[in-house]
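Where a number appears in this text, it was derived from the coordinates with a stated rule and is not lab data. All values derive from a computational prediction rather than experimental measurement. FYI the Cβ positions are ideal-geometry reconstructions off the backbone, even for glycines, and counts take in every protein chain you see.
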Amino acid sequence: QVQLVESGGGLVQAGGSLRLSCAASGNIFSINDMGWHRQAPGKQREWVATISSSGRTTYVDSVKGRFTISRDNAKNTVYLQMSSLKAEDTAVYYCFAVTQSARLGPSTLDWGQGIQVTVSS
């Protein structure tokens, strides 16, 4: 079993910044992609950003230039630095990780429980 625990959410004014963290623990041999999704009230969950094990990053267009994803492989942790926040960034943010429990084992997609980010305008 793999557990992902998010932290760092909260309430911030428009134009402000927040840094989300997500630490993975449990039966982990390796972690491939890590990243974030979000779900705003009344909307479908959307992908936000991904970082590969080699550090390659991709972002949804709406956050490019404002959000930065990074990871610390030694800590099995992924971060999302959010700047120039807008009211439309208000959502529950979910981290994910593609993990393997053994060298030749299957990959599984694991999710955090979600953390609220609220941007006041």
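Relative to the Cα centre, the charge distribution of the chain, modelled as +1 at Lys and Arg Cβ and -1 at Asp and Glu Cβ, gives a dipole magnitude of about 140 debye.
Applying 0.36 nm per residue to the separation of S121 and S101 and subtracting their alpha-carbon distance, the gain on full extension is 2.9 nm. The radius of gyration of the Cα set in the stretch 42-82, together with its Dmax, comes out at 11.3, 37 angstrom. In plain terms, the bigger the Kirkwood radius, the slower the diffusion; for the chain, with that radius from Cα pairs, at 37 °C and 0.692 mPa s, Stokes-Einstein puts D at 227 µm²/s.
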